[in-house]
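A.B. asks: Have a look at this one before I ask anything.
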Amino acid sequence: MYNKKHLILIGMMGTGKTTVGQKLAQKISLPWIDTDSEIEEELGMTIAQYFKEFGEEAFRKKETQILYDLLKGPTTIITTGGGIVLKSENRKQMVKNGWVIQLRADPEVIIERAKQAAGTRPLLQGNLQEKVNQIIRDRQGMYDFADWSIDTSKLSVDQVVDHILCYIHDKGLI
Ligand code: S3P
């Protein structure tokens, strides 16, 4: 049984999920929750600290647990960390319980945007360009399960929000 009650934004780091999700939530008066912020709040440390102390695998477990808790809850705009798609069960659960929108961006745009908050993203330490390109290669096709996708490369946050609102209204979602 499908119960697509949430709106879920997925995509690589730097595609604007968090900023877009927050604005979208204001426009349609829905609660907005970001999985990374939830993790940081619950653990009382930043994602970067958690990665350093406990490693990526522990982070992925926490991420999955937070995601499933949110999916069970009331209708919410859920913004996710870029790696949430790595587990196939996460992908299955997201598309079952929500309308999943993929935010895309060209690699150069992702690199440019990621420069601004590079220190907060443990997977991007080192050569930013190489890391981003490697992650894009490793995750090839993993975001494609989304119900809809939008290229944010040349759009402002407000434009992305407006496109998503059109999609939601056209389809009569939520
Ligand atoms: C990650 C993306 C980050 C955060 C963590 C890992 C990833 O979230 O969850 O650093 O694996 O792509 P954003 O996509 O919000 O930057």
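All of the numbers you see were taken from the coordinates with simple rules; none came from a lab. These figures come from a predicted structure and were not determined experimentally. Don't worry about glycine lacking a Cβ; one is built from the backbone with ideal geometry, like all the others, and counts go over all protein chains shown.
A.B. asks: If you build a Gaussian network model of the chain, linking Cα atoms that sit under 10 Å apart, which residue out of L67, L103, L124 swings the most?
C.D. replies: Evaluated over the chain, the most mobile residue of the options is L124.
A.B. asks: How high is the relative contact order of region 14-139, given as a whole-number percent (alpha carbon pairs under 8 Å, six or more residues apart)?
C.D. replies: Working: 103 pairs, mean separation 39.2, N = 126.
Relative contact order comes out at 31 percent.
A.B. asks: Fewest to most neighbouring Cβ within 10 Å: what's the order for I47, I110? Spell out each step's value before the answer.
C.D. replies: Values: I47 20, I110 26.
Ascending number of Cβ neighbours within 10 Å: I47, I110.
A.B. asks: In deg cm²/dmol, rounded to 500, what helix-only [θ] at 222 nm does the chain give when every DSSP H run of at least 4 residues adds -39500 (n - 2.57) and the total is split over its residues? Let's see the in-between values first.
C.D. replies: Details: 7 runs with 93 residues, N = 174.
Calculated mean residue ellipticity at 222 nm is -17000 deg cm²/dmol.
A.B. asks: Next question, about the same structure. Quick one: order R121, R137 by neighbouring beta-carbon count within 10 Å, fewest to most.
C.D. replies: Details: R121 20, R137 8.
The fewest-first ordering by Cβ neighbours comes to R137, R121.
A.B. asks: Compute the length gained on full extension between E112 and Q159: take 0.36 nm times their separation in residues and subtract their Cα-Cα distance, giving the result in nm to one decimal.
C.D. replies: Values: separation 47, 0.36 × 47 = 16.92 nm, distance 1.91 nm.
Additional length available on full extension: 15.0 nm.
A.B. asks: Next up: Roughly what would the spin-label model give for E53 and N3, points 7 Å off Cα along C-beta, in nm?
C.D. replies: Going from the E53 label point to the N3 one covers 3.5 nm.
A.B. asks: Using a Gaussian network model on the chain with a 10 Å cutoff between Cα atoms, which of I39, I136, I28 fluctuates the most?
C.D. replies: It is I28.
A.B. asks: Under 12 Å from a label point 7 Å along Cα→Cβ of T75: give me every residue in region 85-99 with its amide N that close.
C.D. replies: What the label zone holds, given the 12 Å backbone N cut-off, is 99.
A.B. asks: Still on this structure: Within region 47-146, what is the number of lysine pairs with alpha carbons under 29 Å apart, leaving out pairs fewer than eight places apart on the same chain?
C.D. replies: Close lysine pairs found across region 47-146: 26.
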